[in-house]
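Have a look at the structure below before the remarks.
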Amino acid sequence: MNILKLLVFSILFFILGLGAHEDLDFHLKHSASFSFENSVPLIRVHIKNYKSGVRIGGLSSFNCNKKSIKAENIQVVTDKFTPAVTKYKLSFQEISHSQLKSYTILVDEWKKRTGKNVTIYVTGAIFSINKSRIDNREYFITMEELLEKKAALKLLTNFRARYPSYNISLIPILTSTSSSKATVKTERGSFKCTNSIELFLKGSLVIDEDKYENSGNFFIVPASRRNISLAKEASIEKLVQRILPGEMYLSAPLDTLKAQAVAARTDIFMQLGKRHVSQPWHICSEVHCQKVIWGKKIQKKFLQAVNETKGEIILYDGSYVARAPYCSSAGGHTEDIRNVWFTAEKKYLKGIWDGDKPLNLDLRRESDLATFLNTDYGEDNIKMNKRHRWKKEITFEEMDKHLQRFKLGKIKKLVAIKRGVSGRIYKMRFEGTKGKKTIHGELNIRRLLGNMNSSSFIVRKLRNKWAFKGMGWGHGVGMSQIGAISLGRKGKTYKYILKRYYPGTEVKSLY
């Protein structure tokens, strides 16, 4: 089966697998489909869950079963709720576009390794927006079988233990949408409603102690017998305006804010159709997607940054939506994406020197990293960056406690087995009086060490403590936010900043 046929099959499976549903609009909300307003895509976002029966005010009317009913205040009580049915594909490896030519070889390799029937699976889709064609598809080597959640989690645990240097993960597949019935209580009486209830506002929407401005389309969906969900369909530009304050300082230069706005908008397009597949919204308001700040006035500078980059996202190879991760501080050198998340290689997400001139050092070597940590190279070491270079100490007793679940006894040695191009450790061995344990993944290593700022560090064993010296804050992939602030202060444009951190990409306006 060639890739094109496979893609068509995947999309048909996704659409046909939903099953018939009484409410076609609600049915479509469970897909990556979206509508437009003045050529700008409208994105559905989950805001918050509330208890069934909570008082909702500020309305002029609401839609129930496609009928408009006037009401200023309502209560929504869930009568019946049937959750969506989601099954899972176990993914062994993400493959890059360059690997597609030889994907059959990779399929055969994983089939031999695992003894399972293995295939290639495609997530995402091709979107046409105005005259632009964009592609956010990603490709994975997966088991052919669709798994129930319990079986999927068991296999996930087993294969992660067997192949710790691969990003073994689960891909959710929606096979049946949720359904619900609710009673909406008003001053005029009660109404029986099926699935989503659209709200039309007279003033600000008020739920419990929360207040939301009168913009966009709000709707209520029963989330369980006890809870209801508030969601909103709004212009992607309005969402980016509310994402920006949670991701970047107001004091940052305007072009830095513009670079962050483009990265945030790109991330939304990258995730369309891939997350929250069992729920009637594209993204959530939490860090899992991107943190959306609700209920607060947005400063003019944030609005300006979004307005002046309206419709712009980051593309590579003409039409492919880029992944646009960012971290607080890379410390002077960014990291390869494959060394952090064990994912497919991305040419535009390879580690770079974050300074005007590259240094003749190889940070994968501990001696070179030690030399680098004694410099102030990169990000201009501006005052707001408290973690450009940092030190931390952990007592022997604290270290033993961090690792006690592995039953290693007293920890005697920490060995960095593999470092990425920024010096970040992604494979580390902990040696104790009763055994050894190897940990894969820079985030896992950081968490084990009491949430270390980054895994780009060297460590010395002193008389009664472990002394760490390191750089940066976060995974180090993509844009360094502190670095972007430094570049903005130097008068660099937002497109220059994005080119620095995502080399080989281009900024394109979709609308």
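Points to keep in mind about this one:
- Condition met for A484 (assigned by TED's automatic domain parsing to the domain that holds T266, touching a residue at least 24 places away in the same chain (Cβ under 8 Å) and hydrophobic (A, V, I, L, M, F, W, C)): yes
- Candidates L244, L199, L170, filtered to the one that is aliphatic (A, V, I, L, M) and out of contact with any helix residue (DSSP H, G or I) (no Cβ under 6 Å at 6 or more places or on another chain): L199
- Pick from region 98-120, criterion hydrophobic (A, V, I, L, M, F, W, C) and part of a strand (DSSP E or B), ranking: surrounded by the fewest Cβ atoms within 10 Å (Cβ to Cβ): I120
- Verdict on I485 being assigned to a helix (DSSP H, G or I) and either crowded, with 20+ Cβ neighbours inside 10 Å or among the β-branched types (V, I, T) (or both): yes
- Within region 277-383, helices (runs of 4 or more DSSP H) holding 1 or more residues that are under 21 Å from K258 (Cβ atoms) and assigned by TED's automatic domain parsing to the domain that holds S456: none
- Sole residue being modelled with pLDDT under 90 and not aliphatic (A, V, I, L, M), chosen from H282, H288, H333: H288
- Meets criteria (more than 17 Å from N63 (Cβ to Cβ) and assigned to a loop (DSSP other than H, G, I, E, B)) for R265: no
- Residue within region 103-120 that is touching a Gly at 6+ places or on another chain (Cβ under 7 Å) and over 27 Å from K150 (Cβ atoms) present: no
- Checking I95 against (1) within 26 Å of the chain's Cα centre (by Cα); (2) aliphatic (A, V, I, L, M); (3) surrounded by fewer than 19 Cβ atoms within 10 Å (Cβ to Cβ), the condition it does not meet: (3)
- Of all residues in region 416-457 being aliphatic (A, V, I, L, M) and in contact with a Ser or Thr (Cβ under 9 Å, 6 or more places away or on another chain), the one that is surrounded by the fewest Cβ atoms within 10 Å (Cβ to Cβ): I417
- Out of S179, S196, sole residue that is at pLDDT 90 or above and either closer than 30 Å to T343 by Cα or in contact with a Phe, Trp or Tyr (Cβ under 6 Å, 6 or more places away or on another chain) (or both): S196
- Subset of region 120-147 [among the polar types (S, T, N, Q) and either touching a residue at least 60 places away in the same chain (Cβ under 8 Å) or at positive phi (or both)]: T123, N130, S132, N136
- Pick from region 452-476, criterion more than 29 Å from L359 (Cα to Cα) and either among the β-branched types (V, I, T) or outside any strand (DSSP E or B) (or both), ranking: farthest from the chain's Cα centre (by Cα): R463
- Residue within region 71-92 that is modelled with pLDDT of 90 or more, touching a helix residue (DSSP H, G or I) at 6+ places or on another chain (Cβ under 6 Å) and not aromatic (F, W, Y) present: yes
The values are calculated or read from the model by the stated rules, or taken from the named source; none is laboratory data. It should be emphasised that the depicted structure is a prediction, and the values quoted were computed from it without experimental measurement. Neighbour counts are summed over all protein chains in view; Cβ atoms, including those assigned to glycine, are modelled from backbone coordinates with ideal geometry.
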